[in-house]
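Structure, as structure tokens:
The values are calculated or read from the model by the stated rules, or taken from the named source; none is laboratory data. Keep in mind that what you see is a predicted model, and the values were worked out from it rather than measured. Note: ideal-geometry Cβ built from the backbone for every residue, glycine included; neighbour counts use all protein chains shown.
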Amino acid sequence: MLPLLCCGEEAATIAFCRLAGRADGDPAQRAEAAALYMIEAEERTHDALLRQLCILLPQPADSAVLRAAARRFHLQLSARDQTLHLARIAAVDSAVCTILSRLTSPHAALAQDPALAQLFHRIRRDEARHVAVTRTIVRERGSGDRLRRSGAIARHALAALLGLGGAAFDRLCVDPDALIRDVKRLPGGLL
Ligand SMILES: [Fe+2]
Ligand SMILES: [Fe+2]
């Protein structure tokens, strides 16, 4: 799963840096920008932590294929419309929380490794905060069917991406079908 997760952190770092940089001199926008820069800093830390983990572990044979697919997914998330982009990020980050919860559940293989479980718990906690910040910004700008539809499409695309790593989930004692089903479903009221 690491090639997929690493690519996500790298893409998130770039996205939040761009989104924060678009704020002008308005005080409300400056507060938003500060919150987005804080998320960027956390994404950068996640990226560094996961990269270190990648160096320590053997590379999967399909690593390049997974990274390329993940890169395409993240490129498609970006949008000229900042609110739309944030809505998609909120939809995807909330799904990432679900993925990390399953990976660290007491029944999953990773639960046997306290250091790894702690790392993924930490990232999950940060991602939950990112969801809270981004969805608040989106809602302040006015939610709507267009944003919800776009968030739902992003979750479908993420589910398809996860499908590429189905066998890895089995090995990690995570039910891939249940996970993919839950990732596909945008929680009501998120956007
Ligand atoms: Fe992250
Ligand atoms: Fe994130």
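Can Leu190 be described as surrounded by 15 or more Cβ atoms within 10 Å (Cβ to Cβ) and either modelled with pLDDT of 95 or more or within 19 Å of Cys6 (Cβ to Cβ) (or both)?
Answer is no for this residue.
Does Arg51 satisfy the condition of being modelled with pLDDT of 95 or more, exposed (fewer than 15 other Cβ atoms within 10 Å of the Cβ) and closer than 23 Å to Cys17 by Cα?
Judged against the criteria, Arg51 is not a match.
Listed here are the residues, each with its yes/no results for (1) touching a strand residue (DSSP E or B) at 6+ places or on another chain (Cβ under 7 Å); (2) part of a helix (DSSP H, G or I); (3) not hydrophobic (A, V, I, L, M, F, W, C).
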{"position": "Cys17", "(1), (2), (3)": "no, yes, no"}
{"position": "Thr45", "(1), (2), (3)": "no, yes, yes"}
{"position": "Arg51", "(1), (2), (3)": "no, yes, yes"}
{"position": "Pro60", "(1), (2), (3)": "no, no, yes"}
{"position": "Ala70", "(1), (2), (3)": "no, yes, no"}
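For the range 92-115, which residues satisfy the criterion of being assigned to a helix (DSSP H, G or I) and away from ligand 1 (no atom under 16 Å from the Cβ)?
Arg102, Ala109, Leu110, Ala111, Gln112, Pro114, Ala115 - these are the residues of the range 92-115 that are assigned to a helix (DSSP H, G or I) and away from ligand 1 (no atom under 16 Å from the Cβ).
Which number in (1) over 20 Å from Ala20 (Cα atoms); (2) surrounded by fewer than 20 Cβ atoms within 10 Å (Cβ to Cβ); (3) more than 15 Å from ligand 1 (Cβ to nearest atom) marks the one condition that Arg124 misses?
Single failed check for Arg124: (3).
Mind listing whichever residues of the range 58-69 are under 26 Å from Ala128 (Cβ atoms) and at pLDDT below 90?
Listed by number, the residues that qualify are Leu66, Arg67.
Can you pull out every residue in the range 34-69 that is within 24 Å of Ala117 (Cα to Cα), of a type in the set (Val, Ile, Thr) and more than 13 Å from ligand 2 (Cβ to nearest atom)?
Ile55
Of all residues being more than 19 Å from Ala128 (Cα to Cα) and of a type in the set (S, T, N, Q) in the range 77-88, which is nearest to ligand 1 (Cβ to nearest atom)? Just the residue, please.
The selected residue is Ser78.
Every residue, every condition in (1) among the aromatic types (Phe, Trp, Tyr); (2) more than 12 Å from ligand 1 (Cβ to nearest atom); (3) surrounded by 15 or more Cβ atoms within 10 Å (Cβ to Cβ); (4) assigned to a helix (DSSP H, G or I), yes or no:
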position: Pro3; (1), (2), (3), (4): no, yes, yes, yes
position: Glu9; (1), (2), (3), (4): no, no, yes, yes
position: Ile55; (1), (2), (3), (4): no, yes, no, yes
position: Ala90; (1), (2), (3), (4): no, yes, yes, yes
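When the range 11-39 is examined, which residues are found to be surrounded by 20 or more Cβ atoms within 10 Å (Cβ to Cβ) and charged (D, E, K, R)?
Scanning the range 11-39 gives a single hit, Glu32.
Please note which helices (runs of 4 or more DSSP H) are completely contained in the range 120-191 and include at least 2 residues that are hydrophobic (A, V, I, L, M, F, W, C) and either more than 30 Å from Pro60 (Cα to Cα) or within 16 Å of the chain's Cα centre (by Cα) (or both).
Result: 145-163, 176-184.
Quick check on the range 90-128: of everything there that is more than 19 Å from Leu2 (Cα to Cα) and in contact (Cβ under 8 Å) with a residue 12 or more places away in the chain, which residue is farthest from ligand 2 (Cβ to nearest atom)?
His107
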